[in-house]
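Shown next, in structure tokens, is the structure this report addresses.
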Amino acid sequence: MAPMKILLTGAGGQIGTDMLPILVARGDEVLAFDLAPRPDTCPAEVEWMRGDITYAEEVDSAVERFQPDRIFHLAAILSAVGEGVPHRAWRVNMEGTRHVLEAARLFGVDQVFFTSTIAAFGPGLEQPVGDNVALRPTTMYGLTKVAGELLGEYYEHTFGIDFRGVRFPGLINAGIPGGGTSDYALFMYVDGMRSGRYESFCTPESMIPFMYMPDAIRAVLELSDAPKASLGQSIYNIAAMSPTAQEIADAVKARIPQVELTFKPDPMRQAILDSWPEALDDTNARRDWNWKHEFDLAAMSDDLMPQLKALIEAAGVPA
Ligand code: SER
């Protein structure tokens with residue numbers, strides 16, 4: 001694929017932080033759009049623009065000036081934080097997505113890539129959960145993601161924008177997540193390494209789909225680059241693993257034997273977890289654009305540990 005111009009919203013978040021160097025390595029020209037100031041981790045080649053997705057004029061001016069070929073729309077308020085500030089989650093997720101799509105229409109962007117989620121689903125579905133089931137989420141985050149999927153499809157059939165996206169599992173990387181309900185998994189690794197202990201806010205039996213960040217980023221790039229003619233739908237489930245919280249704890253303990261990992265369910269976050277799928281069926285992604293995950297729980301844990309150690313040592317926190 002020839003290098004292109006990509007505008008990344010939410011570039012300072014958990015996904016964007018890891019995606020920026022990968023886009024730069026591909027030779028893409030990148031405009032990073034985020035409310036936060038430029039972080040030290042941002043590669044020098046990337047232009048960083050501070051902007052608020054909830055103001056149409058700020059999104060418009062970024063898109064008009066940069067003229068991206070594609071927008072990867074990552075900016076969102078996640079599920080756990082969103083339940084504390086539901087109206088703000090509506091503005092950021094709903095209005096933000098509308099502003100991105102509208103700017104793409106106004107300034108002729110070829111493709112808008114949307115990052116949806118397991119939170120788009122509600123309780124009571126047959127496992128593993130397929131793409132085309134009733135979407136009845138119980139969180140503000142989930143309902144704004146469902147509406148974002150539908151709005152993007154509206155822009156596709158009404159205005160001809162190439163709209164595509166994935167429903168991500170909970171994502172794990174050597175970083176800090178942004179207030180999701182899936183964060184317990186990441187914190188078992190990060191705090192297990194950093195502090196020697198972590199208390200998960202869920203039961204040991206809790207089971208939702210997870211994915212390691214390198215797989216997640218590869219999924220975005222592969223679906224974004226896939227020929228449109230091969231795609232039978234715009235939004236795809238993608239899957240990698242579905243460990244229980246206890247199985248994640250066991251994987252961490254196998255690598256940090258002295259770690260103390262305990263469980264104290266928080267009613268609000270446990271209810272969200274219980275409303276989400278235990279496992280996703282991603283047959284359509286595997287068929288249409290050859291999606292295939294690389295990392296299972298063991299491979300992810302092996303890859304993650306040395307990175308976390310380096311990160312924590314670099315930041316001066318005792319490992
Ligand atoms: N990781 C997200 C969350 O927990 C799910 O998409 O909110």
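The values are calculated or read from the model by the stated rules, or taken from the named source; none is laboratory data. All of these numbers come straight from a predicted model, not from anything done at the bench. Glycine gets a Cβ as well: all are built from the backbone with ideal geometry, and neighbour counts include every protein chain shown.
This table checks each residue for (1) surrounded by 24 or more Cβ atoms within 10 Å (Cβ to Cβ); (2) touching a Lys or Arg at 6+ places or on another chain (Cβ under 6 Å); (3) assigned to a loop (DSSP other than H, G, I, E, B); (4) modelled with pLDDT under 95.
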{"site": "G122", "(1), (2), (3), (4)": "no, yes, yes, no"}
{"site": "N132", "(1), (2), (3), (4)": "no, no, yes, no"}
{"site": "Y141", "(1), (2), (3), (4)": "yes, no, no, no"}
{"site": "Y154", "(1), (2), (3), (4)": "no, no, no, no"}
{"site": "L171", "(1), (2), (3), (4)": "yes, no, no, no"}
**Which listed residue, of A240, A251, is surrounded by 19 or more Cβ atoms within 10 Å (Cβ to Cβ) and within 14 Å of M188 (Cβ to Cβ)** = A251
**Item:** Unmet criterion (only one of (1) more than 15 Å from the ligand (Cβ to nearest atom); (2) outside any strand (DSSP E or B); (3) not polar (S, T, N, Q)) for G178
**Value:** (1)
**Request:** Please go through region 3-33 and pick out each residue that is assigned to a loop (DSSP other than H, G, I, E, B), surrounded by fewer than 20 Cβ atoms within 10 Å (Cβ to Cβ) and touching a residue at least 40 places away in the same chain (Cβ under 8 Å).
**Result:** M4
**Message:** Cβ-Cβ distance below 9 Å, separation of 6 or more or different chains: which pairs start in region 115-133 with a residue that is in contact (Cβ under 8 Å) with a residue 12 or more places away in the chain and end on one that is hydroxyl-bearing (S, T, Y) and more than 16 Å from the ligand (Cβ to nearest atom)?
**Reply:** G130/T283; D131/T283
**Prompt:** Within region 200-319, which helices (runs of 4 or more DSSP H) (wholly inside it) include 3 or more residues that are modelled with pLDDT under 95 and touching a Lys or Arg at 6+ places or on another chain (Cβ under 6 Å)?
**Reply:** none
**Request:** Identify the residue in region 106-138 that is among the hydroxyl-bearing types (S, T, Y) and within 11 Å of the ligand (Cβ to nearest atom) and, among all such residues, is nearest to R269 (Cα to Cα).
**Result:** T117
**Request:** Look at P37 and say whether it is away from the ligand (no atom under 15 Å from the Cβ), modelled with pLDDT of 95 or more and surrounded by fewer than 14 Cβ atoms within 10 Å (Cβ to Cβ).
**Result:** yes
**Message:** Six or more apart or on different chains, Cβ atoms under 8 Å: show the pairs whose first residue is in region 143-157 and within 17 Å of A89 (Cβ to Cβ) and whose second is among the aromatic types (F, W, Y).
**Reply:** T144/W90; G148/F114; E149/F114
**Message:** Can you find, within region 75-89, the residue that is surrounded by the fewest Cβ atoms within 10 Å (Cβ to Cβ) among those that are away from the ligand (no atom under 12 Å from the Cβ) and part of a helix (DSSP H, G or I)?
**Reply:** H87
**Asked** Quick one: how many residues across region 247-267 are under 25 Å from the mean Cα position of the chain (by Cα), without any contact (Cβ under 8 Å) to a residue 24 or more places away in the chain and under 19 Å from D302 (Cα atoms)?
**Response** 1
**Asked** Failed condition for Y141, given (1) away from the ligand (no atom under 14 Å from the Cβ); (2) under 26 Å from R269 (Cα atoms), with all others met?
**Response** (1)
